[in-house]
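Structure record follows, encoded as structure tokens.
The values are calculated or read from the model by the stated rules, or taken from the named source; none is laboratory data. None of these values were measured; they are calculated from a predicted model. Please note: Cβ atoms are built from the backbone with ideal geometry, for glycine as well, and neighbour counts cover all protein chains shown.
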Amino acid sequence: MSVTAPEARAEPASFELKATTFTLPTLRLFAGDLAALSAFLEPKIAQAPGFFRNAPVVVDLTHLPTEVALDFPLLVGVLRGLGMLPIGVRGGSAAHRETAQLMDLAILSQGARGPADAATARPTQAAAAPAAPAPATAPLPVGAGRIVTRPVRSGQRVYAQGGDLVVLATVSSGAELMADGHIHVYGALRGRALAGVKGNAEARIFCSDLRAELVSVAGHYRVSESLDPALAGRPVQVALRDGRLIIEAL
């Protein structure tokens with residue numbers, strides 16, 4: 001009597017490893033004074049604590065003089081104490097990168113970029129040079145953008161690179177929308193919406209039901225606590241005018 005072994009059946013994969021792209025906020029350091037860094041960040045975070053809470057941050061050392069010693073344990077402690085999660089460094093000297101690795105920080109290539117800097121910490125100078133005029137915002141490519149037809153769940157992040165983002169559903173609390181151009185939400189906006197993340201001050205946010213945790217245009221933001229209660233649940237547009245974020249009913 002012969003016995004036939006059962007056919008091997010393919011098991012569904014339990015894991016998957018693949019390359020993908022995440023957009024991360026970046027903190028640029030121009031000096032090693034961490035007390036001044038803390039004083040610089042605290043008021044910014046106080047304005048929008050929900051935006052920075054548990055936010056992964058890349059520390060950019062590209063513009064930090066190589067001879068400047070940087071206390072990485074203290075730097076990590078300062079950022080974590082403010083609620084942020086430093087995950088890696090970019091640039092810097094060989095000594096900087098070696099010390100960063102000892103702190104379990106990833107070493108990122110010069111090409112790794114976030115959509116916008118979380119903050120830029122420059123050393124204070126008694127007589128600062130006149131600021132150079134801001135470069136004109138490049139026009140967005142015709143037809144560029146992204147359309148999302150399903151609800152955006154808590155913990156999800158959707159980014160429209162190079163154009164507008166259109167969401168034809170609700171956006172849950174804890175979800176995040178990001179776009180280089182405009183953001184349109186044809187449903188309840190309960191999460192965070194950041195338009196013009198690469199500095200496009202002409203970008204706007206449109207939604208049919210405002211319940212957002214945070215709205216931002218070109219880095220200027222308002223959190224839910226500072227939104228006009230009279231606008232809650234109403235169709236609105238968010239725009240930047242004369243350096244101020246304006247939210248008005250449609």
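Here is a list: 99, 66. Which entry is modelled with pLDDT of 55 or more, of a type in the set (Ser, Thr, Tyr) and not in a loop (DSSP other than H, G, I, E, B)? Step through it out loud before you land on a result.
Values: 66 fails: not in a loop (DSSP other than H, G, I, E, B).
Result: 99 is the single residue among 99, 66 that is modelled with pLDDT of 55 or more, of a type in the set (Ser, Thr, Tyr) and not in a loop (DSSP other than H, G, I, E, B).
Cβ-Cβ distance below 7 Å, separation of 6 or more or different chains: which pairs start in the range 59-84 with a residue that is surrounded by fewer than 12 Cβ atoms within 10 Å (Cβ to Cβ) and end on one that is in a loop (DSSP other than H, G, I, E, B)?
If the second residue must be in a loop (DSSP other than H, G, I, E, B), the pairs left are 66/93; 69/32; 73/103.
Pairs only if they're at least six apart or on different chains, beta carbon under 7 angstrom, first in the range 228-245 and within 24 Å of residue 197 (Cα to Cα), second in a loop (DSSP other than H, G, I, E, B) and modelled with pLDDT under 85; list them, first residue then second.
Listed pairs, sorted by first residue: 240/218.
Yes/no matrix, rows are residues, columns are (1) among the hydroxyl-bearing types (Ser, Thr, Tyr); (2) surrounded by 20 or more Cβ atoms within 10 Å (Cβ to Cβ):
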position: 174; (1), (2): no, no
position: 196; (1), (2): no, yes
position: 209; (1), (2): no, no
position: 213; (1), (2): no, yes
position: 219; (1), (2): no, no
position: 223; (1), (2): no, no
position: 226; (1), (2): yes, no
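Identify, from the list 105, 85, the residue that is within 21 Å of residue 197 (Cβ to Cβ) and at pLDDT 75 or above. So that I can check it myself, show each step before the final result.
Working: 105 fails: within 21 Å of residue 197 (Cβ to Cβ).
The conditions single out 85.
Could you tell me which residue of the range 174-197 is nearest to residue 235 (Cα to Cα), considering only residues that are more than 10 Å from the chain's Cα centre (by Cα) and not in a strand (DSSP E or B)?
Among them, the one singled out is 190.
For residues that are at pLDDT 85 or above and touching a strand residue (DSSP E or B) at 6+ places or on another chain (Cβ under 8 Å), scanning just the range 130-156, find the one that is surrounded by the most Cβ atoms within 10 Å (Cβ to Cβ).
Let us first name the residues in the range 130-156 that are at pLDDT 85 or above, namely 146-154, 156.
Add one more test, that the residue is touching a strand residue (DSSP E or B) at 6+ places or on another chain (Cβ under 8 Å), and what stays is 146-148, 151-152, 156.
Details: 146: 17, 147: 11, 148: 17, 151: 15, 152: 23, 156: 16.
The residue in question is 152.
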